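The values are calculated or read from the model by the stated rules, or taken from the named source; none is laboratory data. These numbers were taken from a predicted model, which means no experiment stands behind them. With ideal geometry, Cβ positions are generated from the backbone for all residues, glycine too; neighbour counts draw on all protein chains shown. Heavy atoms of the whole protein, side chains included, go into the accessibility calculation; ligands, DNA and RNA do not. Shrake-Rupley method; radii C 1.70, N 1.55, O 1.52, S 1.80 Å.
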Amino acid sequence: MSSNNVNSPNMKLEVVLFGVSDVDRAKAFYENLGWRFDIDIAEGDFRGVQITPPNSEASIIFGKGVTPNNPSSAHSLVLAVDNLDVAREDLIARGVNVSEVFHYAGGPFNNAVENPRVGGRDPQGRSYFSFASFEDPDGNLWLLQEIQTRPGSRVWNSTQTRDMDVATLANLLSETAEYHDRYEKTHAEHHWWDWYAPYLSARQNGSSPEESAAAADRYMEEVFPVLSR
């Protein structure tokens, strides 16, 4: 079987669905994690809630009628993090019961050996090998996996950072203009596109409007010193 993906169509993991016993409780739990709330749809006996982890292109959906009756808990849903310690501290500060850092005795996700989890980080400090875990109120298990570097074979070649339709792009440009207007009123004359570029880059990489505006302000201050009025 060929592994050549040059001519393969784009296939992105979009959503993971799992069951919960109390939709409102689950919704509150994930929003408390700082995850983005997307939509809550209720129609007849159906209710679906979509929430997205920070900077993730894949979302989760849970609710009533989104999975077969009496589903078992989802196991080992994996969240990639740049810094495991920072991620743990953030969750703990939000009241989440997070495990201590561990690694797998037989390598990542190998539960076939006796006592598969070993306390502490991977002794060799390798990406993909250090973990922590937590559960939501329904026992759905999440793993935090620290990934600081990725092999070249695991990075997709792409000329696009994200597909965006015309309406979405128009809304983003309108938002950018709004935030730039605030900057323009308090700073000396400058090229608008120099401020737009870092703002749009930050937004496409998952930053909030406020974070993106701050990034654009820093860029202008560092690269194109623009005096305040």
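Overview of results
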| read-out | value |
| --- | --- |
| Convex hull volume per residue in cubic angstrom - Cα atoms of the stretch 42-100 | 130 Å³ |
| Cut-off 14 Å between beta-carbons: net charge of the residues surrounding Asp138, Lys and Arg +1, Asp and Glu -1 | -1 |
| Globularity index of the chain, i.e. its alpha-carbon radius of gyration over 2.2 N^0.38 Å | 1.24 |
| Local net charge near Thr52, Cβ-Cβ under 12 Å (Lys/Arg +1, Asp/Glu -1) | -3 |
| Listed residues Thr186, Thr149 arranged by accessible area, highest first, probe 1.4 Å | Thr149, Thr186 |
| Per-residue [θ]222 nm for the chain (sum of -39500 (n - 2.57) over DSSP H runs n ≥ 4, rounded to 500) | -9500 deg cm²/dmol |
| For the chain, accessible area per residue (1.4 Å probe, heavy atoms of protein chains only), Å² | 65 Å² |
| Placed amide H near Val78: partners under 5 Å, 5+ positions off or other chain | Leu143 |
| Along the chain, longest interval not containing exposed GluC sites (Glu not before Pro), exposed being DSSP loop plus at most 12 other Cβ atoms within 10 Å | 115-188 |
| ³J(HN,Hα) computed for each position of the stretch 47-63 - Karplus, 6.51 cos²θ - 1.76 cosθ + 1.60, integer Hz, glycine/proline x | 8, x, 10, 10, 9, 10, x, x, 6, 8, 8, 9, 10, 10, 10, 9, x |
| Heavy-atom accessible area order for Arg25, Arg47, Arg218, largest first, 1.4 Å probe | Arg218, Arg25, Arg47 |
| Percent carbon-and-sulfur accessible area, the chain, ignoring ligands, DNA and RNA, probe 1.4 Å | 50 percent |
| Helix 23-32 axis, angle to the chain major axis (alpha carbon atoms, nearest 10°) | 50 degrees |
